[in-house]
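Below: the structure, in structure tokens.
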Amino acid sequence: MFDTTLRDGEQAPGNAMSPQTKLELALAIEALGVDVIEVGFPNSSPSDAAALQLVSQALTTARFCSLARANRADIEAAVTAGGTDRHQVEIMVTGSELHMEHKRGITRAENLAETEFAIGLARSLGVRDISLGLEDASRGSDDLLRALIETGLSEGASTVVLADTTGHMVPGEFGEMTAKVRSWIPDDVVLSVHCHDDMGLSLANALAAVEAGADEVQATVAGIGERAGNTPLEELAAVLTYKGHLYDAHTTIETAGLHEVFQTLSRKIGLAPPRNKAIFGDNVFSTLAGIHQAGMLRNPVTYEYVEPERFGQQRRILVGRHSGRAVLRHVFDELGLPWDQELGQKVYEEHIACRSDGDYISVAELTHVLRTTVTAAAI
């Protein structure tokens, strides 16, 4: 598990983080059991360089990573800020003809020469963990990608990163590409994937890659990142927790701590969770519909596959106009009261059926209403 919340996640508008914030989040992410934490792009700003220096001195179990383009200034800035111990330097090279022509204005020969120089320079500076990041690899030709990979590996890269930078592939395509690259490289070279969510397929593409032989997925907390974001760390962890056997893969992520990390991230960058976001959404472990509540009050597994406690959250039964009488009968039982048809109908009409769209109360509030009503009736 490679977390890039602090680098790709921070690049999106509104997500800027101070060095101290990056340090706090890096320690929290490390505590989850993430293997590699990408801190930033040190030559892009003094803030990123300062963050890399802080994080490099604080982490004790996770390795840390910094991003550099294939040039001397970027690589030297990364080594100056982070040193070489447990430091992976990801050298980003141009992975498609489209980017070579329209972004960089370079030839294939120049691209290969840059790659050879950059990785050789990093190795000469003492970097032992070098990652070859193929930007826009999903739109590059096999011929270009294979040449870049062979050049990078010959110079000492030990990880290859395939990036679907624009999120344009579907799982079948990305899985096929991953399998092809896996067949080109030795078993001891780590194959990593970096998927974007422009069509909502970052997680599906990452899983297709794992199935096809990828060793590592680059992900972010809550999927934050450029444009539509990246593979969400928590969703990947959930799939591998419940369905890892289908992919012959597993994760050691401490899933119970994920929500707390999300809450910290949300406070730091002002990120509001949507109602329907998997794992982290406001409503993901809540139910309002009576037809669901009737089953869940008997056994939560009827409508709950992902267990809230496993992800640091709690189940919520909420009461609104879509709730039926099952939740009311449940409250009667909780209070040790026999079901009273007349009283139940009165409470239902006054406190459940009449609620406007979107308005709801908790079961605790409904319990208070019923207790008060019963007390008033007794008087």
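Annotation: average projected area of the chain is 21.4 square nanometres, based on the convex hull of Cα atoms across all directions. Given segment 292-379, report the % of alpha carbon pairs whose separation exceeds 24 Å. Counting every Cα pair in segment 292-379, those more than 24 Å apart make up 23 percent.
Taking the C-alpha atoms only, the angle from helix 72-82 to the longest principal axis of the chain is near 50 degrees. Each Lys and Arg Cβ is given +1 and each Asp and Glu Cβ -1; about its Cα centre, segment 102-163 then shows a dipole of about 100 debye. Counted by Cβ distance under 9 Å from Arg63, the other residues give a net charge of -1, where Lys and Arg count +1 and Asp and Glu count -1. The packing ranking of peptides 129-141, 172-184, 42-54, highest mean first, is 129-141, 42-54, 172-184, where packing means the average number of other beta carbon atoms within 10 angstrom of each residue. Positive contributions from Lys and Arg (+1) and negative ones from Asp and Glu (-1), summed over other residues with Cβ under 13 Å from the Cβ of Arg104, come out at -3.
All other residues whose Cβ lies under 10 angstrom from that of Val193 are scored, Lys and Arg at +1 and Asp and Glu at -1, for a net of -3. Normalising the average separation of contacting C-alpha pairs (under 8 angstrom, six or more residues apart) by the number of residues puts the relative contact order of segment 162-303 at 16 percent.
The relative contact order of segment 89-190 comes to 31 percent, based on Cα pairs under 8 Å that sit 6 or more residues apart. The residues of segment 38-87 present an accessible area of 40 Å² per residue when probed at 1.4 Å with all protein chains retained.
Could you tell me which of the pairs Lys22/Lys277; Lys22/Lys243; Lys103/Lys180; Lys243/Lys268 are separated by over 29 angstrom between their Cα atoms in the structure shown? Result: Lys22/Lys243; Lys243/Lys268 exceed 29 Å. Taking Cα atoms only, the orientation of helix 233-247 departs from the longest principal axis of the chain by about 90 degrees. For the chain, the antiparallel share of DSSP beta bridges with both residues in that region comes to about 10%. Ordering Asp248, Asp215 by accessible surface, largest first, gives Asp248, Asp215; the 1.4 Å probe counts only protein heavy atoms, with every chain in place. A probe of 1.4 angstrom, applied to the heavy atoms of all protein chains, finds Arg227 with accessible area near 130 square angstrom. What a 1.4 Å probe finds exposed on the chain is 51% carbon and sulfur by accessible area, rounded to a whole percent. For the chain, the longest principal axis of the Cα atoms and the long axis of helix 108-124 meet at an angle of about 80 degrees. Taking Cα centre as origin and charging only the Cβ of basic (Lys, Arg, +1) and acidic (Asp, Glu, -1) residues, the dipole magnitude of the chain rounds to 960 debye.
The values are calculated or read from the model by the stated rules, or taken from the named source; none is laboratory data. Since this is a predicted model, take the numbers as computed values, not measurements. When we count neighbours, we look across all protein chains shown, and the Cβ atoms used for this are built from the backbone with ideal geometry, even at glycine. Side chains included, ligands, DNA and RNA excluded: accessible areas come from the protein's heavy atoms. Shrake-Rupley method; radii C 1.70, N 1.55, O 1.52, S 1.80 Å.
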